[in-house]
Amino acid sequence: MLSALHIQDFVLIDRADLALGTGLTALTGETGAGKSILLDALGLAVGGRAERGAVRSGATQGIVAATFDVGPKHPVWGILSEIGLESGDEQIILRRVQGKDGRTRAFVNDQPVSVSMLRTVGETLLEIHGQHDGRGFLSATGHRAMLDEFGGLSKLASKVAQEFSKWREFERELETRRRERDSSLREADYLRHVVSTLVDINPQPDEEKRLAEERAAMMAAEKISDDLDSAAAALDEGGVDKNLSVALRNIERASARLTEGFPALTEASLRLDAALNETAEARAVIERAVSEFGIDTNELEKQEERLFLLRGEARKHGVTPDGLSEFLSKAKTALEDLEMGEAAFGDLESAIIKARKEFEKSAASLSVKRKTAAAKLDKSVAAELAPLKLGKASFKTQIITSPNEPTSAGIDAVEFMVATNPGAPAGPLKTIASGGELSRFVLAMKAALAAEENRTVIIFDEVDAGVGGAVADAVGERLARLAQDAQVLVVTHSPQVAARAKAQWRIEKTQAKTKTTTKVAPMDDADRVEEIARMLSGAEVTNEARAAAQKLLGLKPNKPIRKKLAKTG
């Protein structure tokens, strides 16, 4: 329910803080007092269109906030969850701020949202029906859902939608598979060549990196081996060991000719002998190192050829060398799918046939039940028309069944049709009914559909226009009945309708020298007697009118009658 409404600096309202109760609330007042301002403000709060000039003169911005107390099972929570605006309690606050330039900002639970999102949330909480505004009733797109709700068919309709989605998903998958297969057929020879070539090459994951590292190591080892060969060659150049041997023999002959020892020759002889030994040892070590660092040039060439082959194939197929293995795997899969041919689609085609039959069975059942529900709805609405001075009118739920044009909603197109005069052709509600008739048609349908809906707040703007007496009383009775399952607000000039309300507000315009304002205030029983008496008698309120007002309100005759309406504001 709408539990509170805050309006600040909106048109003629400087500030209003209103607490609302359950059931039917009547908004009354003189013509031009500003009842439409209140509805416009509420419409703005739930995502309605912002009008330039709506901000009160002298103010920089206007603010409207509507607080709703919502049960845990209300569908609005699903919408809020989708946009990340979940709340821990059962209260939702919709707020709209409008600047003097006409631009607005929207908030849900004090979190900024787009106006379209505010409207989506607002439409699940509140609906407004004016003389030229039937909202969902005027659009055929909502009629099918209303009929399903009335007939208790929502679960079956949801099942039909799921089966339709499943069927279409299988068809999309088959179509995708066929496109892929057709594409593969055009590339069959190419795929076979690719697979044959890469299978021969047998690329391995991370092979390029490993080969590059091994090639770099082998090239480094080759350079070391060259340096060692040069060192070994240097020892052999000029016959180093031969020269040392010649020098050693000459020194030994010289020593032999001496009769006495000569220490210098002895030392030279020893040193040359040691040098010969060291040179032999050095040559042996170098030869061993050359053997250890020896490079197989054939192996290096093979590594380089493999590396260049992988890189060339990778460039050819537009992948990295290390991605060749995965590319080969995909090519094999594509070739296998191609070679499987039509047999690969058998299971999928069987699934499509089965899903379609399940949908058609459920859709046919839903269609039959919709026709039954439509007859029941037509009868229920018809019972409401005569008391609302629409006895000569007829209402019919038109169902056009098209099995060859299925949708997620089944095989039916649903639209509410009316004829306002006997013998006149029926037509869509929005094109046939006049303003006053439209409001009463909507009320009749709401009365028939009320128990099946989950709306929080319903507002009727002058639904009783152009009627009075028993018809106005019938309007009030239906509004009161509707208010047993939903909170209802009605803007009315009818005392019979106002008297049916559980609560009543008076909307009054006051004028001062410098400004005009609109005030909204709730009324107690005595105030209601005066207001309804005014509605009955006009400018001069008589005691007879007060007595009639008491009777309409069901008050005891001895209840004190206030002579003058209490000040509001």
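The ranking of Arg172, Arg271, Arg356 by Cβ neighbour count inside 10 Å, starting from the fewest, reads Arg172, Arg271, Arg356. Note on Ala284 and Gln511: the extension gain reaches 69.4 nm, defined as 0.36 nm multiplied by sequence separation minus the Cα-Cα distance.
Thr372 sits among other residues whose Cβ lies under 13 Å from its own Cβ, and their net charge, with Lys and Arg +1 and Asp and Glu -1, is +2. Fully extending the segment from Arg177 to Lys392 would add 71.5 nm, taking 0.36 nm per residue of separation and subtracting the current Cα-Cα distance.
List Thr141, Thr518, Thr510 from most exposed to least, where exposure is judged by having the fewest other Cβ atoms within 10 Å.
Lowest to highest Cβ neighbour count: Thr141, Thr510, Thr518.
Quick one: grab the alpha carbon gyration tensor of the range 149-205, order the square roots of its eigenvalues as a ≥ b ≥ c, and give me rounded if a/c is under 1.5, else prolate or oblate depending on whether a/b is larger than b/c. Taking the square roots of the gyration eigenvalues as a ≥ b ≥ c, the range 149-205 is prolate. Relative contact order, whole percent, for the range 1-144 stands at 23, derived from Cα pairs under 8 Å and 6 or more residues apart.
A Förster radius of 45 Å combined with the Cβ-Cβ distance from Ser114 to Lys354 puts the calculated FRET efficiency at roughly 0.60. Beyond 28 Å in Cα-Cα separation lie the following of the pairs Lys396/Lys502; Lys73/Lys446; Lys392/Lys556; Lys166/Lys446; Lys100/Lys515: Lys396/Lys502; Lys392/Lys556; Lys166/Lys446.
Compared with the direct C-alpha span, the chain from Thr431 to Ala375 gains 17.9 nm at full extension, assuming 0.36 nm per residue.
At an R0 of 45 angstrom, the distance between the Cβ atoms of Glu267 and Ala216 translates into a FRET efficiency of 0.30.
Counting every other Cβ atom within 10 Å of each residue's Cβ, His74, His129, His193 order from fewest to most as His193, His74, His129.
Laboratory data are not the source of any read-out in this text; all were calculated from the coordinates shown. Every value quoted in this text rests on a predicted model; they were computed, and no experiment measured them. Glycine gets a Cβ as well: all are built from the backbone with ideal geometry, and neighbour counts include every protein chain shown.
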